[in-house]
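Trainee: First the structure, then my questions, so here it is.
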Amino acid sequence: MRILVTGSAGHLGEALMRTLPAAGHDAVGLDIRPSTFTHAVGSIADRAFVEQWMRGIDAVLHTATLHKPHVATHSRQEFIDVNVSGTLALLEAAVAACVRAFVFTSTTSTFGGALVPPAGAPAAWITEDVVAVPKNIYGVTKVMAENLCELVHRASRMPCLVLRTSRFFPEEDDSAAARQRYADGNLKANEFLYRRADIADIVDAHVCALDRAADIGLGRYIISATTPFRVEDLQALRNDAPALVKRLFPQYEALYGIRGWRMFPSVDRVYVNDRARRELGWIPKCDFAWVLDRLATDQEPRSDLARVVGSKGYHAQTFVEGPYPVERVEN
């Protein structure tokens, strides 16, 4: 297939551009920034640009976006221009070009306010049936873009799949408090239990979505590492996460202790990937057990693809607050 990849200079975009040719696909990269993996530089909100590069395309992997770390540096209008208007331009150009599959990379951030249960309540069990409650303009525009995918599918029957990806960025955490309390590797290792995935698995999910799009037609999927937890674990997970993890993975304390790492005292949500594995035929390989196996053999818990792609960052400049600027309060 000839596949259009938006955001080809970004983290996921580059990973897809590196992977697709090896699977026999002809990948065409678009981005606002030039890169080794970008064939055309321009904005996805520019309809003439999008229409030009949509010609002859069989499928679209739409990863280009303004992210959460941009909330403090970009206006709400810019988020709408890129995340909403840009997605609509791509969808309509894809329909006109008779594209056979459109895969939109969304985010678990769309769940927003649904992710943190009240004090004392069990951790939230997050499936695709949980109603999105976005907390900022990033989440709002991603939900709007998802809904545009559904709208265009219903009008045109073009297969549109939405992948709500959990954390897979290699950059430091966007929470200053988290960065102060935990080493970066410690944070990411813990998150594989409930809210993180390796980019190699994220790429595999996109490829599976391409393969299954025609049969499914329309669908939303959570893409995250397979959690070891069950619904009956949720209260224990909220009350005493280290004790629960020790019961499931007795070896974790020793492996963490060598590095001076520790488990979070409490976990407030769990992303569930059951539907994606069942309907997309997706088989993620990198979970918390995989992380522990890597640590046990003194290997960094990152895939080869994650190491090759590396870190992209979100801003060209640095900030007094750290790697990310202070987020504006959304009224």
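Trainee: Using amide H atoms built 1.01 Å from N in the peptide plane, name the residues 5+ places from residue 73, or on other chains, whose amide H lies under 5 Å from its own.
Mentor: Residues meeting the criterion, in which the H sits 1.01 Å from N, do not exist here.
Trainee: Over the chain, how many percent of alpha carbon pairs lie in each 20 Å bin up to the one with the longest distance?
Mentor: Each 20 Å bin holds this share of Cα pairs: 31, 59, 10.
Trainee: So, one more: Could you pull out every Cys in the chain that lacks a partner Cys with its beta carbon under 4.7 Å away?
Mentor: 98, 208, 286
Trainee: Over the chain, what is the relative contact order in whole percent, taking alpha-carbon pairs under 8 Å and six or more residues apart? It would help to have the intermediate numbers written out before the result.
Mentor: On the way: 616 pairs, mean separation 62.1, N = 331.
Relative CO of the chain lands at 19 percent.
Trainee: Just going by the charge dipole of the chain, with Lys and Arg at +1 and Asp and Glu at -1 on Cβ, which of 6, 106, 43 is farthest out on the positive end?
Mentor: Of 6, 106, 43, it is 106.
Trainee: Please find, in a Gaussian network model of the chain (springs between Cα atoms separated by less than 10 Å), the residue of 127, 107, 87 whose mean-square fluctuation is greatest.
Mentor: 127
Trainee: Exposure proxy check: 81, 184, 287 ranked by fewest other beta carbons within 10 Å?
Mentor: Sorted ascending by nearby Cβ count, the order is 184, 81, 287.
Trainee: OK, next. Which net charge results for the neighbourhood of residue 84, defined as the other residues with beta-carbon distances under 15 angstrom from its beta-carbon, given Lys and Arg at +1 and Asp and Glu at -1? Display every interim value, and only then the final one.
Mentor: Details: positive: 47, 76, 142; negative: 46, 78, 81, 92, 146, 150.
Value of the local net charge: -3.
Trainee: Rounding to the nearest 20 debye, state how big the charge dipole of segment 104-209 is about its Cα centre with +1 on each Lys and Arg Cβ and -1 on each Asp and Glu Cβ.
Mentor: On the way: 11 positive and 13 negative charges, 51 e Å.
In total the dipole reaches around 240 debye.
Bear in mind that the values in this text are calculations on the coordinates, not laboratory data. Not measured: the values here are computed from a predicted model. Note: ideal-geometry Cβ built from the backbone for every residue, glycine included; neighbour counts use all protein chains shown.
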